[in-house]
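Student: Pasting a structure below so you can have a look.
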Amino acid sequence: MLEPDDDGGVVIGVGSPLMGDDGLGLVALEVLRESWSFEPHLELLDGGTWGMNLLPFIESARRVLIIDAVHAGGEAGSFVKLEKPDIPRFFALKLSPHQIDLKEVLALAELRGNLPEQTVVFGLEPAVVEMSTSLSPGVADQIPQLVEEVVEHLEGWGYKVRSRG
């Protein structure tokens, strides 16, 4: 079992790898994990569809960067960056307690006064969110650029980022 990292930063890839472009956060996280190293330590967390289990990781971090598919009304594959004030956070009516998603996790962290000031979401506009284990071509083509944007942001936060390649 992973423990929350209290050393400062966490990058969380979220989404479902069984729902097409919804899994792009996990694909980008894996590219980040395989291609880059970070100093000081940076937690790279496969958040999948963990829901409320992400709360201790978010609340214990000084900085949180989330990678996800983001419906922002743009063209499929277009880059999206949301800073803390622009990230949707709210509690919504659910049909089941198993329907907790990232918005509710962020809302609870904020309600408890534990949502880090440095919280940002990086993502791509999805094209296809339906039963599929692969990304659509237009989104898959943009994963390298998404990872580059994440790396640049982490460097801005003061991380020394080195290519493993």
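Student: Counting Lys and Arg as +1 and Asp and Glu as -1, each charge on the Cβ, what is the dipole of the chain about the Cα centre in debye, to the nearest 20?
Tutor: That gives a dipole near 240 debye.
Student: Can I ask one more? Quick check on the chain: helices-only [θ] at 222 nm, where DSSP H runs of length 4 and up contribute -39,500 (n - 2.57) each and the sum goes over total residues. Nearest 500, please.
Tutor: -8000 deg cm²/dmol
Student: Please arrange Glu125, Glu130 by counting, for each residue, the other beta carbons lying within 10 Å of its beta carbon, fewest first.
Tutor: In increasing order of surrounding Cβ atoms, one gets Glu130, Glu125.
Student: Moving on. Kindly write out, for region 151-165 in residue order, the coupling ³J(HN,Hα) from the Karplus curve 6.51 cos²θ - 1.76 cosθ + 1.60 (θ = phi - 60°), rounded to whole Hz, with x marking Gly and Pro.
Tutor: Per-residue couplings from phi come out as 4, 4, 5, 5, 4, x, 7, x, 7, 8, 10, 10, 6, 8, x Hz.
Student: Could I ask something else about it? What's the extension gain from Trp50 to Val129 if we count 0.36 nm per residue and subtract their Cα-Cα distance?
Tutor: Full-extension gain reported as 26.6 nm.
Student: Per 0.36 nm of contour for each residue apart, how much would the distance between Glu30 and Glu83 grow if the chain were fully extended, relative to their Cα-Cα spacing?
Tutor: 16.8 nm
Student: Right, another one. Can you list residues whose amide H is under 5 Å from Met19's amide H, if they're 5+ apart or on another chain and H is modeled 1.01 Å from N?
Tutor: Distant-sequence amide H within range of Met19: Ser132.
Student: Same structure, new question: Does region 9-163 come out rounded, prolate or oblate by the C-alpha gyration tensor, with a ≥ b ≥ c the root eigenvalues, rounded set by a/c under 1.5 and, if not, prolate when a/b is larger than b/c and oblate if not?
Tutor: Oblate is the answer for region 9-163, as a/c is 1.5 or above yet b/c matches or exceeds a/b.
Student: Using a cut-off of under 15 Å, list every residue of region 20-63 whose amide N is near the label point 7 Å from the Cα of Leu111 along the Cα-to-beta-carbon line.
Tutor: Within reach of a label on Leu111: 52-53, 55-56.
Student: Still on this model: What's the exposure ranking of Met52, Met19, Met131, going from fewest to most Cβ atoms within 10 Å?
Tutor: Fewest to most other Cβ atoms nearby, the residues stand as Met131, Met52, Met19.
Student: Separate question: So who's got an amide H within less than 5 Å of the one on Val80, skipping anything under 5 residues away but keeping other chains? H placed 1.01 Å off N, in plane.
Tutor: Hits under the 5 Å cutoff: Gly123, Leu124, Glu125.
Student: List the relative contact order of the chain as a percent without decimals, with contacts defined as Cα pairs under 8 Å and 6+ residues apart.
Tutor: Worked out over the chain, it gives 33 percent.
Student: What is the sum of charges, Lys and Arg at +1 and Asp and Glu at -1, for the other residues whose Cβ falls under 10 Å from the Cβ of Leu102?
Tutor: Every neighbour counted, the sum reads -1.
Student: Under a crude label model (7 Å from the Cα following the beta-carbon direction), how far is Glu75 from Asp101 in nanometres?
Tutor: 2.5 nm
Values in this text are rule-based calculations from the coordinates and carry no lab data. Here the structure is a predicted model, which means the values were calculated and not measured. Counting neighbours? That spans all protein chains shown, and the Cβs are built from the backbone with ideal geometry, glycine included.
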